[in-house]
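Report on the structure given below.
Just so you know, all these numbers are worked out from the coordinates, no wet-lab data involved. Here the structure is a predicted model, which means the values were calculated and not measured. Glycine also receives a Cβ, built like all others from the backbone with ideal geometry; neighbour counts cover every protein chain displayed.
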Amino acid sequence: MLNLQSGDRIELSYEDAPATTIQATVGRLLSDREEGMGLEVEEYAVCWIEITVDEPRDMDCKQVVLLNTDFQYRLNGRLVTIRKGQE
């Protein structure tokens, strides 16, 4: 699990298509309650990460990455790997 903070630059790649990379900036990190979810979601999600996508430009620029309790990140239901960008 990465120690992400607002403003961090990240690179995401899909587990099933690792050649596809997404460049983004972390906007906010939210708990289940901050996201407006009920207690039952705590069994599935650790946090919600709002990102702004820089590349590719054909993708909606506002996205949410979900960190599940299995410590796997998902974007639109697909497993992704996240790496912090170089400062």
Task: the range 51-69 residues near the modelled LEU30 label - backbone nitrogen below 18 Å, point 7 Å along Cα→Cβ - done: 51-53, 60-69
TODO: Could you work out how far apart the two model spin labels at TYR44 and ARG57 are, taking each label as a point 7 Å from the Cα in the direction of the beta carbon, and quote it in nm?
DONE: 3.6
- [ ] Work out, step by step, the length gained on full extension between LEU79 and THR21: first 0.36 nm times the residue separation, then minus their alpha carbon distance; give nm to one decimal.
- [x] 19.6 nm
